[in-house]
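Notes for the one structure printed next.
The values are calculated or read from the model by the stated rules, or taken from the named source; none is laboratory data. Note that the structure is a prediction, hence the values are computed from the model and not measured. Because the Cβ atoms are built from the backbone with ideal geometry, glycine has one as well, and the counts that use them run over all protein chains shown. Surface areas here come from the heavy atoms of the whole protein model, side chains and all, with no ligands, DNA or RNA. Shrake-Rupley method; radii C 1.70, N 1.55, O 1.52, S 1.80 Å.
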Amino acid sequence: MRLIWIAIAAAAAMLAGPASGQQWPARSVKLIVPYPAGGNVDSAARIVADKLQEKLGQPFIIENKAGAGGMIAGEAFAKSAPDGYTLFVGANGPVLFATEINKRDAYNWKKDFMPISTISMTPLVLEVHPSVQANNFKEFIELAKREPGKLTMASPGPGTTNHLLSELMQSNLELQWVTAHYRGNAPAINDLLGGQVQFAFDQLTVSLQHIKAGLFRALAVTSPHRLKSLPDVPTFTELGYKDFDGQTFTGLFAPAGTPAPVIDKLHETLVAILKDPSVVDKFEKLGGEATPMTPDEFKAYLEREDTKWIPVVRKANIRAD
């Protein structure tokens with residue numbers, strides 16, 4: 001009888017999921033990505049998934065679940081079991097803004113998401129079409145003030161970091177321009193290349209090749225320091241506009257309630273990955289920077305971003321299409 005109870009207890013322990021980081025992962029792990037394949041967040045997820053699989057010995061499978069500014073993926077993730085086998089590679093919009101913009105209380109990162117670490121930071125660049133008569137940020141501001149409402153900004157969608165930066169700049173500097181929303185970066189940049197719109201705030205990942213080719217003129221970047229890839233382009237902070245700093249993050253999350261040993265093992269492994277020179281090089285080529293944080297540092301960063309950007313969303317009355 002005693003042997004039977006021992007066997008039952010062992011089976012129950014296996015069904016209950018991982019009790020320690022040593023037992024996890026015992027099978028494949030799903031990484032939910034809230035955007036289609038090929039973008040900045042998806043690229044970051046695939047870099048990390050390959051290395052996690054290599055180091056932890058189980059498949060890490062990407063599931064692209066796009067829609068509603070990332071909220072469809074966020075909601076599915078928030079409902080998943082907290083066992084370490086469903087993770088989320090999120091970014092500013094899906095984590096912080098999607099529920100506010102869609103006016104749906106589908107999830108709340110503070111209670112539903114467990115931050116593990118940032119993966120990468122990607123700065124935005126203010127870029128103009130060559131036809132725009134502005135060779136620097138000062139001339140751009142003078143042009144916008146001289147001809148209010150004439151310039152058109154290409155946005156990859158309402159509530160994106162790109163859009164919020166545009167709204168913040170208009171509000172703080174008393175400027176006015178037209179915002180043309182697109183369904184993603186690719187169509188927005190295509191119209192900027194064609195001159196149908198005049199400027200954009202865009203992820204360097206997308207625009208670096210066009211800037212290097214002389215198809216766009218870069219006026220300023222949102223990073224805290226000048227970029228190796230654009231050493232002649234000043235930062236907004238350097239120009240005296242520190243409110244316009246900020247970057248697009250990608251980060252790894254587990255569902256709230258995931259066992260601490262699993263979180264610890266994930267964090268330790270991810271930090272080692274992000275310090276790997278080959279991984280650092282991959283992110284640099286994408287225009288970003290591999291950026292590990294502790295869970296507490298990541299949580300504090302998200303809280304600061306919340307405090308900064310949610311008032312911008314509400315003041316500009318940003319709503320989903």
Can you tell me which residue among Tyr107, Tyr182 is under 18 Å from Phe199 (Cβ atoms) and among the hydroxyl-bearing types (Ser, Thr, Tyr)? Tyr182
Counted residues, region 119-144 - those being open to solvent by less than 10 Å² (accessible area, probe 1.4 Å), of a type outside the set (Val, Ile, Thr) and touching an Asp or Glu at 6+ places or on another chain (Cβ under 9 Å): 6
Of the listed residues (Asp243, Asp276, Asp281), the one being out of contact with any Pro (no Cβ under 8 Å at 6 or more places or on another chain), within 30 Å of Val197 (Cβ to Cβ) and among the acidic types (Asp, Glu) is Asp243
If you go through region 102-118, how many residues are in a loop (DSSP other than H, G, I, E, B) and either surrounded by 16 or more Cβ atoms within 10 Å (Cβ to Cβ) or in contact with a strand residue (DSSP E or B) (Cβ under 6 Å, 6 or more places away or on another chain) (or both)? 2
Just one of the numbered conditions (1) open to solvent by 20 Å² or more (accessible area, probe 1.4 Å); (2) closer than 30 Å to Met114 by Cα; (3) not aromatic (Phe, Trp, Tyr) is not true of Gly194; which one? (2)
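Could you please find all residues in region 79-101 being among the aromatic types (Phe, Trp, Tyr) and either within 11 Å of Gly69 (Cβ to Cβ) or open to solvent by 30 Å² or more (accessible area, probe 1.4 Å) (or both)?
If the condition is that a residue be among the aromatic types (Phe, Trp, Tyr) and either within 11 Å of Gly69 (Cβ to Cβ) or open to solvent by 30 Å² or more (accessible area, probe 1.4 Å) (or both), then Phe97 is the only one that fits.
Quick check on Asp243: is it assigned to a helix (DSSP H, G or I), open to solvent by 20 Å² or more (accessible area, probe 1.4 Å), more than 29 Å from Ala68 (Cα to Cα) and modelled with pLDDT under 95?
no
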Could we say that Glu303 is more than 30 Å from Gln209 (Cβ to Cβ), out of contact with any Leu (no Cβ under 6 Å at 6 or more places or on another chain) and open to solvent by 90 Å² or more (accessible area, probe 1.4 Å) here? no
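Does region 256-266 contain any residue that is surrounded by fewer than 16 Cβ atoms within 10 Å (Cβ to Cβ), in the same structural domain as Ala73 (by the TED database) and among the polar types (S, T, N, Q)?
no
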How many residues are under 16 Å from the mean Cα position of the chain (by Cα) and part of a helix (DSSP H, G or I) when one looks only at region 275-296? 2
